[in-house]
Each structure stands twice: as structure tokens, then as C-alpha cells.
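A.B. asks: The structure follows.
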Amino acid sequence: MSNTRKLVSNTAIYFGANVLNAAIPFFLLPILTRVLSPADYGSIAMFGVCLSIISAFTGLSVHGAIGVRYFQLAKEELAQYVVTCMGILVVSTATIFLVALGLRPWLPEITGLPADWLLVAVVVSGLQFLINIRLSLWQVAGQAVKYGTFQISQSLLNAGGSLLLILVVGMAWEGRVLAQALAIGLFGAIGFCWLWKDGLLRKPVVWRTHCLDALKFGVPLIPHVIGGLLIVATDRLIIVRLLDVSQAGLYMVALQFGQVIGLVTESFNKVYAPWLMKSLSSKEEVPRSRIVRFSYLYMGLLFAMAIIFGLLAPWVMGFVVGSEFKASSELVIYIALGFAFGGCYYMVTNYVFFENKNSNLALITLITGLINIPLMFFLVERNGLVGAAQAFMLTQCLSFVGTWWLSNKVHPMPWFNLKAYK
């Protein structure tokens, strides 16, 4: 298969897998929004936020190093590298579990969740790390079918378990969270066994060298991850604090709708990023003006999609969600535009990764995340729940503009050379 055909084929597979993966929880909305209350959805949202925060520290982001070293190490040494990263995972997860155990009396007041569920989140985040390793290795190997099948199967189990525990067993928000935990646990174990089957687990010989290398890659990304969390996760914490948990549930439903745009951008970037890296590294130079022209065309298309989607959302949600959740439709246009800015961010951030300026990117992301907190407080107090969606959109815009400036500084492109587009 030619490189072009393989690129198109993998793009279609990743996009199809992402569509199905996102569609599964989306199709649950007509059922769950008629069974669960906004407060239940708020609790589900808070568990997701806590899981994201914990995941920033379990494994210390070293799974990304495995994907990079895949092209640089022989299979035997790569297998040792994978096991070294798993050792980092075990130590970091155990440490976070002990910290959560020590803070157990105070965590429920901060998060609104029972302490036991927060301990579950720590364990689940560790198992998710195993899934990330397995998926990362499939992605860099170009095995899109295995990647998509694994991802979709996990989502199907998650959705089926949720329906069983909520509709049959009679659980409330706990059923959705428990199903998620069980699905991640099972597929984490499957991912581990698959790594073993593929010969990607070997006892490390030079574990200290590999450990330092993985930490050198992962630890500088932690501020970047934290900054990202401040952008995408603090909104629900602030909504719960200033409004209530049921409002966080409404926000979560609107976020799920707006993520349709995020789905498009993420799917495209999974294929575009490797192509761009290869083009920037290739001796056969692709005209930079052509790359920039395509980037602008793509950005314009994203914003057109986001606006149309946001305007149609009130009509669509009238059929899809329960009556208690219809008020969330007015948030969708802001959230969709926020995800469009996120797609623009993807188009410029890859130049930063290419030049290995991760620490600079981490600083911009962290600053943007810190700006998001007072901005979110101000707009939620002023405009209520709509203000949260507006803050999300503005913060995504700031993240894009800051990263665009950095990318042009470290890897200049003819973004503003109008003559180059003629």
C-alpha cells in the first residue's frame, strides 16, 4: 500500500473509531438523562474531573516517551523500556494512593464525592496508564484497526455495564462510575497481557538509564498537563462551588454535545501530526506556504462547523435529552467554538513538539490555565452557567493564540506572508 493510501486509510479508521467511541456515550444520553437527575450527572462529571487530575501524576506522563523511543530502540530494549515505565507507574500510583488516604477526611468536602470513590479513581488512573501504553504502541506502529477495535470494545463494555447497573440493578450515578472503573480495569489487564504476548515486556537490564530518560521526557510535561487540566477541568469545580452539582450536570451534557467538534479535530490530528513531522524532517521539502494555506482552510472549516452545530443544538437536544437537561442547549455554541479553537491549537502545537520545546509549551499552557480560574469565576458569577461555557471558549482561544506565537518563534512559517498564498 502506498504512503498516501495508507495515510487516507488510517485517517478513515481513526476517525471512524473515534466517531463510534464518542457516539456510544452520546447515544446513552436519551436514556440516562431520563433516568438520572442533573445532580447525578454532576457527580459523574466530578468523578471524571478527579480522575483526570489524578492521571496527571500516576505514571508521571512517561507513556509518551514509549511512543518516541519506539523508533529509536530495538524491540528487546524497547520491551525493557516499557517495563521500566511500568515501574514508575507502580511507585507513583502507590504514592498518590497513600496521599489520598491521608487526605481522606477532607477530600469529600472539596470534591463532593465520597472518599472511597476517590481511592477507586487512583487505582483506575493507574490501569488507564496501561491502556495508554498499549494504544500508543499501536498508534506509532500504524496498527489503526487494533487501536480502534480495542478502544470501541472498551466503550461498549462501559456503556453496557452502565445500562445494566442503572436500569437493572437500580443504581444511580454510582452505576455509571462503577461501569467505567470495571471497563478500564478489565481492558487494562487485557492491554498488559497483549503487551506480554507481543514480546514487549522484558526485565530491564539498564533500568536506571531508562528510568532517567523516561522521567526526563515525562516530568517536564507535568506543568503542561496541569495547565491543560486547569483549562478543561476547573470549570466543573467552580460550577459546583458557585452554583451547585446539578448545574455541573447540565454543563456536562452540553460539553458532551460540543465534543463532536473536538472529536473531528482529535481524529484528524492523529494522522496529520505524524504526516507533518515526516514532512518537516524530509529532505524532499513540502512547500511551507502549502502547509499554511491548508491550515487556514482547515481552521475556517472548523469554525463554520462549530457555528452551524451550535445553532442547531437547541433543536437537536429537544429530541435527544430529558426535559430537565434542555436548558443546557444554550451553552453548546460556546463550547463548540471552544473545541474549534482547540483544533486550531493542534495545527500549530506540532511545530513546538518538532523543535522539542516542550518546557516552553508547558509554561504557556500553565499560564493559560491559571488565567482560566479568575476568568471562570468572573463569568460564572456574572452570567451563571453560560459564563462557564464562555470562559471555556475564551481560554481555548488564549491557548491557541499563545501556542501559535510560540510555534512561529521556534519554527517560523509564512503565516502572515500573503504573497506566499498567490
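A.B. asks: Once you sort the root eigenvalues of the Cα gyration tensor of region 3-219 as a ≥ b ≥ c, which label holds: rounded (a/c under 1.5), prolate (a/b larger than b/c) or oblate (the other case)?
C.D. replies: Taking the square roots of the gyration eigenvalues as a ≥ b ≥ c, region 3-219 is oblate.
A.B. asks: With the chain treated as a Gaussian network of Cα nodes joined by springs under 10 Å, which of Val225, Val169, Val124 yields the largest mean-square fluctuation?
C.D. replies: It is Val169.
A.B. asks: Still on this structure, please answer the following. Among Glu109, Glu76, rank each residue by its count of other Cβ atoms within 10 Å, from fewest to most, as a rough exposure measure.
C.D. replies: Sorted ascending by nearby Cβ count, the order is Glu109, Glu76.
A.B. asks: Run the numbers on region 3-219 and let me know its relative contact order in percent, using alpha-carbon pairs under 8 Å that are six or more apart. Please report the intermediate quantities before stating the final value.
C.D. replies: Values: 235 pairs, mean separation 74.1, N = 217.
34 percent.
A.B. asks: For the chain, with only Lys/Arg (+1) and Asp/Glu (-1) charged at the beta-carbon, what is the dipole magnitude about the Cα centre, in debye rounded to 20?
C.D. replies: 1340
A.B. asks: Quick one: Karplus J couplings for region 213-230, per residue in order, coefficients 6.51, -1.76, 1.60, θ = phi - 60°, nearest Hz, x for Gly and Pro?
C.D. replies: 5, 5, 5, 4, 7, x, 4, x, 7, 4, x, 5, 5, 4, x, x, 5, 4
A.B. asks: Classify region 222-362 as rounded, prolate or oblate, taking a ≥ b ≥ c as the square roots of the eigenvalues of its Cα gyration tensor: rounded when a/c is under 1.5, otherwise prolate if a/b is larger than b/c and oblate if not.
C.D. replies: Taking the square roots of the gyration eigenvalues as a ≥ b ≥ c, region 222-362 is oblate.
A.B. asks: Most exposed first by the Cβ proxy, i.e. fewest other Cβ within 10 Å, how do Met46, Met393 rank?
C.D. replies: Met393, Met46
A.B. asks: Still on this model: Dipole size in debye (nearest 20) for region 1-125 around its Cα centre, Lys and Arg Cβ +1, Asp and Glu Cβ -1?
C.D. replies: Details: 6 positive and 5 negative charges, 89 e Å.
Roughly 420 debye, rounded to the nearest 20.
A.B. asks: Rounded if a/c is under 1.5, else prolate if a/b is larger than b/c, else oblate: which is region 63-141, with a ≥ b ≥ c the root eigenvalues of its Cα gyration tensor?
C.D. replies: On the way: a/c = 4.27, a/b = 2.66, b/c = 1.61.
It is prolate, given that a/c is not under 1.5 and a/b is the larger ratio.
A.B. asks: How large is the dipole of region 238-410 about the Cα centre if only Lys and Arg carry +1 and Asp and Glu carry -1, each at its Cβ, rounded to the nearest 20 debye?
C.D. replies: That gives a dipole near 520 debye.
A.B. asks: Based on DSSP H runs of at least 4 residues, each adding -39500 (n - 2.57), what is the mean residue ellipticity at 222 nm of the chain after dividing by all its residues, to the nearest 500 deg cm²/dmol?
C.D. replies: -27500 deg cm²/dmol
A.B. asks: While we're on this one: Could you derive backbone 3J(HN,Hα) for region 387-397 from the dihedral phi with the Karplus parameters 6.51, -1.76 and 1.60 (θ = phi - 60°), listing whole Hz in sequence and x where the residue is Gly or Pro?
C.D. replies: Per-residue couplings from phi come out as x, 5, 5, 5, 5, 4, 4, 5, 5, 4, 5 Hz.
A.B. asks: Rank these for me by crowding, Ser43, Ser267, going from fewest to most other beta carbons within 10 Å.
C.D. replies: Ser267, Ser43
A.B. asks: Taking only C-alpha pairs under 8 Å that are 6+ residues apart, what is the relative contact order of region 98-179 in percent?
C.D. replies: Numbers: 35 pairs, mean separation 12.1, N = 82.
Relative contact order comes out at 15 percent.
A.B. asks: Here's a follow-up. If you take the Cα Rg of region 282-422 and divide it by 2.2 N^0.38 Å, with N the number of residues, what do you get?
C.D. replies: The reported ratio for this selection is 1.25.
A.B. asks: Please compute P(r) over all alpha-carbon pairs of region 95-251, binned at 10 Å starting from zero, and give each bin as a whole-number percent.
C.D. replies: 9, 25, 38, 22, 6, 0
A.B. asks: Considering amide H positions built from the backbone, and no H for Pro or chain starts, which residues 5 or more places from Ala233, or on another chain, come under 5 Å of its amide H?
C.D. replies: Distant-sequence amide H within range of Ala233: zero hits.
A.B. asks: Also, I was wondering about something else. Under 5 Å between amide hydrogens, which residues at least 5 positions from Ser37 or on another chain qualify, with H placed 1.01 Å from N in the peptide plane?
C.D. replies: Amide H neighbours of Ser37: none.
A.B. asks: Can I ask one more? Quick one: Karplus J couplings for region 348-353, per residue in order, coefficients 6.51, -1.76, 1.60, θ = phi - 60°, nearest Hz, x for Gly and Pro?
C.D. replies: Going residue by residue, I get 10, 6, 5, 5, 5, 4 Hz, with x marking Gly and Pro.
A.B. asks: List the residues whose amide H sits under 5 Å from the amide H of Gly322, counting only those 5 or more places along or on another chain, with H placed 1.01 Å from N in the peptide plane.
C.D. replies: Under 5 Å from the amide H of Gly322 lie the amide H atoms of Thr33, Arg34, each far enough along the sequence or on another chain.
A.B. asks: May I pose another question? Could you work out the relative contact order of the chain, using alpha carbon pairs under 8 angstrom and six or more residues apart, expressed as a whole percent?
C.D. replies: 23
A.B. asks: Given Ser359, Val245, Trp315, which one lies farthest toward the positive end of the charge dipole of region 238-410, if we put +1 on the Cβ of every Lys and Arg and -1 on the Cβ of every Asp and Glu?
C.D. replies: Ser359
A.B. asks: Hey, another quick one. Going from the alpha-carbon gyration tensor of the chain, what semi-axes, largest first and in whole Å, does one get by taking the root of 5 times each eigenvalue? Present the calculation step by step, with values, prior to reporting the outcome.
C.D. replies: On the way: eigenvalues 204, 164, 91 Å².
For the chain, the ellipsoid semi-axes come out as 32, 29, 21 Å.
Computed from the coordinates by the stated procedures, all read-outs in this text should not be read as laboratory data. Worth saying up front: this structure is predicted, and the values here are computed from it rather than measured. Cβ sites come from the backbone with ideal geometry, for glycine too, and all protein chains shown count toward neighbours.
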